[in-house]
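What follows is a set of notes on a single structure, which appears directly below.
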Amino acid sequence: MNDNFDFKNLAINQIMDEETEFIPLLSADDEEQMNSEKTPEELPILPLRNTVLFPGVVIPITVGRDKSIKLIKEAYQGNKTLGVVSQKNDSVEDPKEIDLNTIGTVAYILKMLRMPDGNTTVIIQGKKRFKINEITQNEPYLKAKIEAFDQNEKPSGKNFNALVSSIKDLASQIIEQSPNIPSEATFAIKNIESPTFLINFIASNMKGSVSDKQALLEIPELNERANKLLAHLSKELQLLELKNDIQSKVRHDLDRQQREYFLNQQIKQIQEELGGDPVQQEIEDFRKKAEKVKWTKEAKTRFDKELEKLARLNPQAAEYSVQHNYIETLVELPWLNYSKDNFDLKRAQKILDRDHFGLEKVKERIIEHLAVLKLKGDMKSPIICLYGPPGVGKTSLGKSIAEAIGRKYIRMSLGGLRDEAEIRGHRKTYIGAMPGRIIQNLKKAGTSNPVFVLDEIDKLSNSHQGDPSSAMLEVLDPEQNATFYDNFIELDYDLSKVLFIATANSLSSIQPALRDRMEIIEMTGYTVEEKIQIAKTHLLPKLLANHGLSKKHLQLSPAIIEKIIIEYTRESGVRLLEKTLAKIVRNTAKQIAMDENVKENKVSTSQLQQILGPGHSKDKYQGNDVAGVVTGLAWTSVGGDILFIETSLSKGKGKLTLTGNLGEVMKESAVIALAYLKSHAEILNLDTEIFDKWDIHIHVPEGATPKDGPSAGITMLTAIASAFTQRKVKSKMAMTGEITLRGRVLPVGGIKEKILAAKRADIKEIILSEDNKKDVDEINKKYLEGLTFHYVKNMIQVVEIALLKQKVKSKIQIV
């Protein structure tokens, strides 16, 4: 309802003075008499700022403007009748005709009072509505000619009665819902008999703007005015209910908080009586733990400051748990706590050799680092990246290194990591914030110098949450990681003593800046010989122990293991080999468990086929009976292999055809080989015109397997030369090398794998570029036994070594 005039003031406003009796609500007789009164032709006009007067309604108004005071005094001394009209804009101090609404109410002054503050208050009662036709006077106050603005006739009937009843009900509900309106107002509304006065009375006191009330006053028909009023009351009731509902919820929350506060105070009092406050006890525990921590100066200062802050916080505050979590992390970190390195280099070498066969470069680098540490006492740890195919022991090597030097071991998988916060942590203000995984793992290790394996660093990804590989730049930079900043800790942490070992399958997916910070050590695939040793000394004993067997139950000879490696596994590492051996061990375990009569604990070739099925035959040297067929050497992701370059000639116009799923580089090698042969045909005593009479078809078998690279260059040239000269290729010879148009032979990679593949294929002689001699010198001499190497500089030497003077038996006449 209207704050300026409401039901609780009604009785007071209708008391004139001590001698005046209480004025009752408008009766039916009063209404009839009021309606019968004649409307004056001219009246003084009193503008109202913030209210609207309805017929029959009594309201108090405070008069402050000079014109209005003069008007009231003259009217009060006269017939006490005046016209009341609301202003369109209440900020206008001296309203003119244009500033007033045209519809107003004839008013009768009941009483004029002089208030203690000097203002004049008059109590007026509305009589009848009128319409201003013309303003006849502006000074000393407004006067206007008017005409009556009355409704035609009173509505009646069931619908109108129901409408009036609804208005009464809504008004009663609003009074009940409003805390500022006394309940006595309900009786006043129920005692009003006249529908017209009821509607005017409620409209005058409803909570609404002056424009809303003026709009109701200007509606001539009572029925329409009643409908409009009902809509206003419905809206007001809905808003009031919503407001009360919100206040009720807020009050409920406050009551619950107060209740919890009092209960917590009681609990606190009880705990103190029983012997100590648990919050203070917890803070004391933090202090005791802090005494045992080896702090940095900055960390100790921060810890003391944050602990004091925690002691001042209310345990019920949301910030308390955040602060508690932060202090707990600080006190559990191993700031200056370092494990002591074991500088027994022979012991370290023994442990590395025990767990991993081969990998000499990696072992050598670790022993070198230990040697420098032993002499110098302190140095920044290297950032090593072990790069190689899957299954060669990169990850497990980290564990062996940790044992060898006596440090704690941590492994952190980076595969699929795409949130920078996983490395640097979240800011501690966030709910559920925690340090990054670097700091978390150091806390778990309990020392600041563990062996930290960053597994699969090449598989870091990025997203809208940041780029973790960029965050790793600081972690893996020896010049920066002494002051590594974690967002949660908000302090510099020294990572320079941590021995980071990253592992990767591919360097291409590691961003250049990150790759530049690491010391790359390539771990090539194992040779067959190395795999045999790994199977005998590592895999088989481990599998037997895991399956509840011992050496007496199963023995595999080196020949059987080699057969398994060559025919049943094609890989650089030993994972598939381990799975294959596990199948054999399980088969033996099944036989023993089923009480089968196992006569022999050694597995034969026939038994191997029964357990594993038929194997894949390995490539073997195929002889030199056909011209144009030369054996080449290739490197694959699972080790070395041999391949055959086949060249066929047919009558034509010199067209070159290449088949066998060859890549662009390999095709270019064939074109270069043919171009060189054409330009140096005299070396082979060939007529240059024969190249225009014969079509050349070069094919590399196993067409389903993609092949590429420049290393088959000399093999292709030798094959074309053999085809055109029909000379035999030297028996049991293979070759690899890149060629140029000038005939130079360039070095290629994967020499170790290629040589071992040649040896497995029963090759006896190998042609290589002279620049590849250093690669051969690095290979263990026992793997080179029975092999002869020819180091060449140009293609002429290759042809002279590879091609015999002898022609093939079924030769073609090349003319």
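In the set (1) assigned to a strand (DSSP E or B); (2) at pLDDT below 80, the condition left unmet by Ala107 is number (2). The set of residues in the range 403-416 being buried (at least 20 other Cβ atoms within 10 Å of the Cβ) and either of a type in the set (Lys, Arg) or more than 18 Å from Pro334 (Cα to Cα) (or both) consists of Ala404, Ile405, Arg407, Leu414.
Matching residues to (1) touching a residue at least 12 places away in the same chain (Cβ under 8 Å); (2) open to solvent by 80 Å² or more (accessible area, probe 1.4 Å); (3) assigned to a loop (DSSP other than H, G, I, E, B); (4) on the phi > 0 side of the Ramachandran plot:
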{"site": "Leu307", "(1), (2), (3), (4)": "yes, no, no, no"}
{"site": "Ser321", "(1), (2), (3), (4)": "no, no, no, no"}
{"site": "Ile327", "(1), (2), (3), (4)": "yes, no, no, no"}
{"site": "Arg347", "(1), (2), (3), (4)": "yes, yes, no, no"}
{"site": "Ile367", "(1), (2), (3), (4)": "yes, no, no, no"}
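Taken over the range 127-157, the criterion of being modelled with pLDDT under 80 and either surrounded by fewer than 18 Cβ atoms within 10 Å (Cβ to Cβ) or under 60 Å from the mean Cα position of the chain (by Cα) (or both) is satisfied by Asp150, Gln151, Asn152, Glu153, Lys154, Ser156, Gly157. Considering only residues in the range 81-93 that are among the charged types (D, E, K, R) and either touching a strand residue (DSSP E or B) at 6+ places or on another chain (Cβ under 9 Å) or assigned to a strand (DSSP E or B) (or both), the one that is least open to solvent (accessible area, probe 1.4 Å) turns out to be Asp90. Looking at Thr688, Thr715, Thr736, Thr705, just one residue is within 55 Å of the chain's Cα centre (by Cα), surrounded by fewer than 19 Cβ atoms within 10 Å (Cβ to Cβ) and polar (S, T, N, Q), and that residue is Thr705. Taken over the range 740-760, the criterion of being more than 22 Å from Gly358 (Cβ to Cβ), open to solvent by 40 Å² or more (accessible area, probe 1.4 Å) and touching a Gly at 6+ places or on another chain (Cβ under 9 Å) is satisfied by Leu746, Pro747. The set of residues in the range 501-526 that are part of a loop (DSSP other than H, G, I, E, B) and either modelled with pLDDT of 85 or more or not β-branched (Val, Ile, Thr) (or both) comprises Asn505, Ser506, Leu507, Ser508, Ser509, Ile510, Gln511, Arg517, Met518, Met523, Gly525, Tyr526.
Taken together, the criteria exclude Ser172 from residues that are open to solvent by 40 Å² or more (accessible area, probe 1.4 Å), hydroxyl-bearing (Ser, Thr, Tyr) and under 58 Å from the mean Cα position of the chain (by Cα). Here Phe201, Phe160 are screened, and the one residue that is within 16 Å of Glu31 (Cα to Cα), open to solvent by less than 40 Å² (accessible area, probe 1.4 Å) and either at pLDDT 80 or above or β-branched (Val, Ile, Thr) (or both) is Phe201.
Among all positions in the range 648-664, there is at least one residue which is open to solvent by 50 Å² or more (accessible area, probe 1.4 Å), small (Gly, Ala, Ser), out of contact with any helix residue (DSSP H, G or I) (no Cβ under 9 Å at 6 or more places or on another chain) and outside any loop (DSSP other than H, G, I, E, B). With the structure loaded, tell me whether Asn35 is open to solvent by 50 Å² or more (accessible area, probe 1.4 Å) and within 60 Å of the chain's Cα centre (by Cα) or whether it fails that test. For Asn35, the condition - open to solvent by 50 Å² or more (accessible area, probe 1.4 Å) and within 60 Å of the chain's Cα centre (by Cα) - is not met.
The values are calculated or read from the model by the stated rules, or taken from the named source; none is laboratory data. It should be emphasised that the depicted structure is a prediction, and the values quoted were computed from it without experimental measurement. No Cβ is skipped: glycine too gets one built from the backbone with ideal geometry, and neighbour counts run over all protein chains shown. The area values use the complete protein model at the heavy-atom level, side chains included, leaving out ligands, DNA and RNA. Shrake-Rupley method; radii C 1.70, N 1.55, O 1.52, S 1.80 Å.
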